[in-house]
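The values are calculated or read from the model by the stated rules, or taken from the named source; none is laboratory data. Remember, it's a predicted structure, so these values are computed and weren't measured experimentally. Cβ placement follows ideal geometry from the backbone for every residue including glycine, while neighbour counts extend to all protein chains displayed. We work out accessible area using only protein heavy atoms, side chains counted, and drop any ligands, DNA or RNA first. Shrake-Rupley method; radii C 1.70, N 1.55, O 1.52, S 1.80 Å.
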Amino acid sequence: MGALRTIILILAFIATVTVVNCHNITAILSAFPEYSEYNNYLSQTKLDDEINSRDTVTVLVLNNGAVSALAAKHPLAVVKNVLSLHILLDYFDNKKLHAIPDGSALSTTMYQTTGNAPGNVGFVNITDLKGGKVGFGSGAPGSKLDSSYTKSVKQIPYNISVLEINAPIIAPGILTAPAESANVNITGLLEKAGCKTFVKYITDTGVLKVFQMAAEKGLTLFAPNDEAFKAAGVPDLSKLSNAALVALLQYHALARYAPKGSLKTTKTSMATLATSAAGKYDISVKTAGDDVRLDSGVGTSRLASTVLDSTPLCIFTVDSVLLPTELFGKAPSPAPVMSPESSPAPAPSDDLSPEPAVAPAPLDAPPAPPAESPVDGPAPSDGPTADSENSNASNGVTSVKAPSLILGSFTTLMSIMLAYVMC
């Protein structure tokens, strides 16, 4: 009986080892190109991480046209607030939408958890309008149902549901919320981080004002520290024309919010504030583990520290001045390596000290025009459908199962115990 009791206890222990399902909203939406803009802004604002951390959540998605129209008129901080209002902290699928008790319900959203939503502004009103229609609107008293359910996109039952709606849900005052970067003292942060030389350049040339204006919608700044300007091989910037100097300084910024995690996954070259319509002044990223380096084509510069990471503004220090090829030409190709057998012996020299590096000659280039606004995408569907894809094995779902060692040991132990009982 003692052996049988032991077996029962072991079975009870194994029963507690469950399969855990995790959702990944970025992976889910990547299968739907019509939501690429929505997916992009979830990543930029880090709302994707908050969605993935929730056990139960419903994401109300908008097509590219609706998101582009919203982002074109408002800074990134406002876009983040609006999108967080579209993340419901409850599970709703097509069936539940049409079975709401009393025909209407208020659902808490992620915007409510920010502490910036007074009263019921952080709630969404969901109303079954019958005839297959469901309306969405702000939970604030007197708000209209300005959005309608279009179709079901993807469900992992009782874990995550993705539903499309035809227009953004706008809560009172949410579009006039001040941008988080409005009160950020960029020069103060840079000086404290040891980038006083860079501060002087951007202040004297007026580029600081360009950075401040860009920060309203999204800005990533790569500021060389003071030692970077003193390094060997750095050109004499006083010999640059004003236009070339402005282009060089703008080359140290991206016109979007790009935290370190986003940079680490970047595979293509990135446009900078100096980038023209012809595609000049691009920069690429090289990563190795947690090490991130920016490659200008002339040389690389390492991200040394994060000064600020707060949507929509990100400021890094870098350990080298970024030299664009448009101003300083490409880095010389390495000389071919000769085999040891054919390599001639070096001639003796009276002077054993190395020659100093010669700075590349600057080439004048006009500053770049501002980037164009995003283009509207396709219009939403005409009516609601229920074509959800229910799956636990694809599109952003990962499974963590009981270790094989436990299961193997359990099988062996079971065999020994059963043999013991039979004896």
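When only residues in the stretch 198-221 that are within 25 Å of the chain's Cα centre (by Cα) and more than 15 Å from ASN183 (Cα to Cα) count, which is most open to solvent (accessible area, probe 1.4 Å)?
The selected residue is VAL210.
Taking the stretch 270-286 as the region of interest, how many residues are surrounded by fewer than 15 Cβ atoms within 10 Å (Cβ to Cβ) and touching a strand residue (DSSP E or B) at 6+ places or on another chain (Cβ under 9 Å)?
Qualifying residue count, the stretch 270-286: 1.
Are there helices (runs of 4 or more DSSP H) fully within the stretch 191-259 with at least 1 residues that are under 21 Å from SER269 (Cβ atoms)? List them.
207-214, 242-250
If you take just the strands (runs of 3 or more DSSP E) that sit entirely in the stretch 17-133, which of them hold at least 2 residues that are open to solvent by less than 40 Å² (accessible area, probe 1.4 Å), in the same structural domain as THR311 (by the TED database) and within 22 Å of ALA214 (Cα to Cα)?
Of the strands (runs of 3 or more DSSP E) lying wholly inside the stretch 17-133, none has at least 2 residues that are open to solvent by less than 40 Å² (accessible area, probe 1.4 Å), in the same structural domain as THR311 (by the TED database) and within 22 Å of ALA214 (Cα to Cα).
Taking the stretch 234-257 only, how many residues are open to solvent by 30 Å² or more (accessible area, probe 1.4 Å) and either touching a Phe, Trp or Tyr at 6+ places or on another chain (Cβ under 6 Å) or in contact (Cβ under 8 Å) with a residue 60 or more places away in the chain (or both)?
Final tally of qualifying residues: 7.
If you go through the stretch 145-155 one residue at a time, do you hit one that is assigned to a helix (DSSP H, G or I), free of Cβ contacts under 8 Å to residues at least 60 places away in the same chain and open to solvent by 10 Å² or more (accessible area, probe 1.4 Å)?
No, that holds for no residue.
Which residue is nearest to the chain's Cα centre (by Cα), if the candidates are limited to the stretch 287-311 and must be assigned to a loop (DSSP other than H, G, I, E, B) and surrounded by 14 or more Cβ atoms within 10 Å (Cβ to Cβ)?
THR311
What is the number of the single condition among (1) crowded, with 17+ Cβ neighbours inside 10 Å; (2) in contact with a Phe, Trp or Tyr (Cβ under 9 Å, 6 or more places away or on another chain) that LYS260 does not meet?
Result: LYS260 fails condition (1) only.
For (1) modelled with pLDDT of 95 or more; (2) touching an Asp or Glu at 6+ places or on another chain (Cβ under 9 Å), each residue gets a yes or a no:
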site	(1), (2)
LEU85	yes, no
TYR91	yes, no
LYS95	no, no
THR113	no, yes
ILE126	yes, no
LYS133	no, no
GLY137	yes, yes
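Just to be sure I understand, how many residues within the stretch 99-120 are under 26 Å from the mean Cα position of the chain (by Cα) and hydrophobic (A, V, I, L, M, F, W, C)?
2
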